[in-house]
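Below is one structure; the comments refer to it alone.
The values are calculated or read from the model by the stated rules, or taken from the named source; none is laboratory data. Note that the structure is a prediction, hence the values are computed from the model and not measured. Every residue, glycine as well, gets a Cβ built from its backbone with ideal geometry; the counts of neighbours run over all protein chains shown. Surface areas here come from the heavy atoms of the whole protein model, side chains and all, with no ligands, DNA or RNA. Shrake-Rupley method; radii C 1.70, N 1.55, O 1.52, S 1.80 Å.
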Amino acid sequence: MNLEEVLKLADALVFAKTGQHLDDLQQAIARGTLQGKKYSEIAQEKHCNESYVRDVGAKLWQTLSKELEEEVTKSNFRSTMERLQISLFSNV
């Protein structure tokens, strides 16, 4: 599963739950998480403060958790998305 596939899947999940697509910062958080970056690095790249990035990240994980009905965190985001993709393809 490549980076763009994960972002598309995360965007679709967020859209299903909220009716809105991932914004630029949410995409940066998802992308940075998959690349192993810390919130401080993402904040620096997006020119905002780390606490704001943490807040947006927490809300993103919460939204994904509600949609998937399982806990999604920064540390398990990649494995959760990979598991979801495998289950989607095995149901097809």
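Below is a table of values for the structure above.
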{"quantity": "Of all accessible heavy-atom area on the chain, the percent that carbon and sulfur account for (1.4 Å)", "calculated": "48 percent"}
{"quantity": "Charge dipole magnitude, Cβ of K and R +1, D and E -1 - the stretch 2-92, Cα centre, debye nearest 20", "calculated": "140 debye"}
{"quantity": "The stretch 1-45, Rg to Rh (Cα coordinates; Rh as Kirkwood inverse mean 1/r)", "calculated": "1.00"}
{"quantity": "Mean accessible surface per residue for the stretch 9-92, computed with a 1.4 Å probe while every protein chain stays in place, in Å²", "calculated": "62 Å²"}
{"quantity": "Translational diffusion coefficient (Stokes-Einstein; Kirkwood radius from C-alpha pairs) of the chain at 20 °C, 1.002 mPa s, in µm²/s", "calculated": "162 µm²/s"}
{"quantity": "Where GluC sites (Glu not before Pro) in DSSP loops with at most 13 other Cβ within 10 Å are excluded, longest remaining stretch of the chain", "calculated": "1-68"}
{"quantity": "Computed E for Asn2/Ser90 - FRET, C-beta separation, R0 25 angstrom, nearest 0.05", "calculated": "0.85"}
